[in-house]
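Asks: Have a look at this one before I ask anything.
The values are calculated or read from the model by the stated rules, or taken from the named source; none is laboratory data. Everything numeric in this text was worked out from a predicted model, so none of it was measured. Please note: Cβ atoms are built from the backbone with ideal geometry, for glycine as well, and neighbour counts cover all protein chains shown.
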Amino acid sequence: MSIIWKFGNDVDTDQIVPGRYAPYMRPNEDVGKAAFIEAHPEFNKLAEPGDIIVAGENFGCGSSREYAVLALKRRQIGAIIAKSFARIFYRNAINLGLILIEAPQVVDELSDHDLCTLDLDENRLEVGNHIHRLPEISPFAREIVSAGGLVAYIQTNSRLPGE
């Protein structure tokens, strides 16, 4: 079982990881420990691997801070389900192997701290006795995420000429 952590609209990268916690500012610290450290201290202290973030529109807006995605990846977030994502955040997440699902029809039906089970093979989220159907993740995005990110995908799937 996982816990849903619900956020509103326009959650920006500075809320996910404030600039002063950037890896280049604190090179000996794990950026995952700074995830939502100020914007949602309860998440920062209690979120567990596999937990699900649910949000409104434009999640990940703001700057192109790749380390905002990295912080959530290091926290081992199971997925982020939102009404919509900022485009650069979306690309950064896929590139780093974090699962994102745009499901505007589902977000309003979920509550903070709901217990849930996410089944990506069946594209569903079970909360209590209710099963929410989720849009399918594109096969290519799924391959990248399964590989652990774009770099790992390319390393696994590229061949040199003549091989």
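Asks: Which condition does residue 2 not pass, out of (1) under 10 Å from the mean Cα position of the chain (by Cα); (2) of a type outside the set (Asp, Glu); (3) within 24 Å of residue 124 (Cβ to Cβ); (4) buried (at least 19 other Cβ atoms within 10 Å of the Cβ), if it passes all the others?
Replies: All conditions are met except number (1).
Asks: Considering only residues of segment 50-64 that are touching a Gly at 6+ places or on another chain (Cβ under 8 Å) and part of a loop (DSSP other than H, G, I, E, B), which is surrounded by the most Cβ atoms within 10 Å (Cβ to Cβ)? Outline the logic, then answer.
Replies: The first filter runs over segment 50-64 and keeps only residues touching a Gly at 6+ places or on another chain (Cβ under 8 Å), leaving 50-52, 55-56.
Checking which are part of a loop (DSSP other than H, G, I, E, B) leaves us with 50-51, 56.
On the way: 50: 16, 51: 20, 56: 17.
Result: 51.
Asks: So, of the residues in segment 104-139 that are part of a helix (DSSP H, G or I) and of a type in the set (A, V, I, L, M), which turns out to be farthest from residue 55 (Cα to Cα)?
Replies: At the first step, the residues of segment 104-139 found to be part of a helix (DSSP H, G or I) are 104-107, 139.
The next check asks that each one be of a type in the set (A, V, I, L, M); those that pass are 106-107.
Numbers: 106: 10, 107: 7 Å.
It comes out as 106.
Asks: Further question: On the given criteria, is residue 23 surrounded by fewer than 19 Cβ atoms within 10 Å (Cβ to Cβ), in contact with a Phe, Trp or Tyr (Cβ under 6 Å, 6 or more places away or on another chain), outside any helix (DSSP H, G or I) and at pLDDT below 95? Talk me through it step by step, then tell me what you get.
Replies: Numbers: surrounded by fewer than 19 Cβ atoms within 10 Å (Cβ to Cβ): yes; in contact with a Phe, Trp or Tyr (Cβ under 6 Å, 6 or more places away or on another chain): yes; outside any helix (DSSP H, G or I): yes; at pLDDT below 95: yes.
Yes, satisfied.
Asks: Now for a different question. In segment 29-39, what residues are assigned to a loop (DSSP other than H, G, I, E, B) and either in contact with a Leu (Cβ under 7 Å, 6 or more places away or on another chain) or buried (at least 20 other Cβ atoms within 10 Å of the Cβ) (or both)? Steps first, answer last, please.
Replies: Keep residues of segment 29-39 that are assigned to a loop (DSSP other than H, G, I, E, B), which gives 29-30, 35-39.
Within segment 29-39, 35, 36 meet the criteria.
Asks: Filter segment 114-131 for residues that are surrounded by 14 or more Cβ atoms within 10 Å (Cβ to Cβ) and of a type in the set (S, T, N, Q); which is farthest from residue 5 (Cα to Cα)?
Replies: Selected residue: 123.
Asks: From the list 102, 126, exactly one residue is farther than 26 Å from residue 26 by Cα, of a type outside the set (A, V, I, L, M, F, W, C) and under 13 Å from the mean Cα position of the chain (by Cα). Which is it?
Replies: After applying the criteria, what remains is 102.
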